[in-house]
Amino acid sequence: MSAAPVIAGYASLFGVRDRSGDRVLPGAFRASLKSRGTARIAMLWQHDPAQPIGRWERLGEDRRGLWVIGRLLPGVTLGREAAALIDAGAVSGLSIGFQARRAQKSRQGAERLLSDIDLWEVSVVTFPQVDGARVRIVRPNGAVSI
């Protein structure tokens, strides 16, 4: 079996309004990452719970947003297909599956400000809600940087 391709990227960006009108605030993932840990956050294909494609190995917040690093499973057909699509640039998005635990309407009322998120999964997707939420294959000859 070939080596599992490593992928990395930002699954969410702080302060950026998504296509649903949500803005995630810094620290919103902190409690969820602490309580769930990496093992209980799924890596899915297009938010489909019937299509896991790998495992997230590291997730964390920095000043920019929620970053993720994980491995696609070469023993799973869809994992191999996802790797090929990401490598070719045909699919490059990441998107989060979550429940808002704490949110408030903005002063203008046009968007939700999310300050506490229960993160369930991070999916590789064709069309991310946040345009800058992108993923790439990390080559094995270099250090992982996002």
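Only one residue in Q51, Q46, Q99 is over 20 Å from V138 (Cα atoms), without any contact (Cβ under 8 Å) to a residue 24 or more places away in the chain and not acidic (D, E), so which one is that? Talk me through it step by step, then tell me what you get.
Numbers: Q51 fails: without any contact (Cβ under 8 Å) to a residue 24 or more places away in the chain; Q46 fails: without any contact (Cβ under 8 Å) to a residue 24 or more places away in the chain.
Of the residues listed, the single one that is over 20 Å from V138 (Cα atoms), without any contact (Cβ under 8 Å) to a residue 24 or more places away in the chain and not acidic (D, E) is Q99.
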Residues of segment 85-111 satisfying the condition of being exposed (fewer than 14 other Cβ atoms within 10 Å of the Cβ) and under 17 Å from A42 (Cα atoms) = Q99
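In the set V76, V122, which member is among the hydrophobic types (A, V, I, L, M, F, W, C) and touching a residue at least 60 places away in the same chain (Cβ under 8 Å)? Full working, then the answer.
On the way: V76 fails: touching a residue at least 60 places away in the same chain (Cβ under 8 Å).
Only one candidate qualifies: V122.
Among the listed residues I96, I53, I117, which satisfies the condition of being farther than 19 Å from D18 by Cβ and modelled with pLDDT of 95 or more?
Working: I96 fails: farther than 19 Å from D18 by Cβ; I117 fails: farther than 19 Å from D18 by Cβ.
Every option except I53 fails the conditions.
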Hey, can you tell me all the residues within segment 100-139 that are under 20 Å from A28 (Cα atoms) and outside any strand (DSSP E or B)?
-> S106, R107, G109, A110, E111, P128, Q129, V130, D131, G132, A133
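May I ask you to say which residue of A31, A82, A4, A11 is more than 13 Å from the chain's Cα centre (by Cα), surrounded by 15 or more Cβ atoms within 10 Å (Cβ to Cβ) and within 29 Å of A110 (Cβ to Cβ)? Working first, answer last.
Working: A82 fails: within 29 Å of A110 (Cβ to Cβ); A4 fails: within 29 Å of A110 (Cβ to Cβ); A11 fails: more than 13 Å from the chain's Cα centre (by Cα).
On inspection, the qualifying residue turns out to be A31.
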Name, by its number, the condition in (1) in a strand (DSSP E or B); (2) of a type in the set (D, E, K, R); (3) surrounded by 15 or more Cβ atoms within 10 Å (Cβ to Cβ) that does not hold for D18.
-> (1)
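The values are calculated or read from the model by the stated rules, or taken from the named source; none is laboratory data. Model, not experiment: these values are computed from the prediction. Positions of Cβ are backbone-derived with ideal geometry, glycine not excepted, and every protein chain shown enters the neighbour counts.
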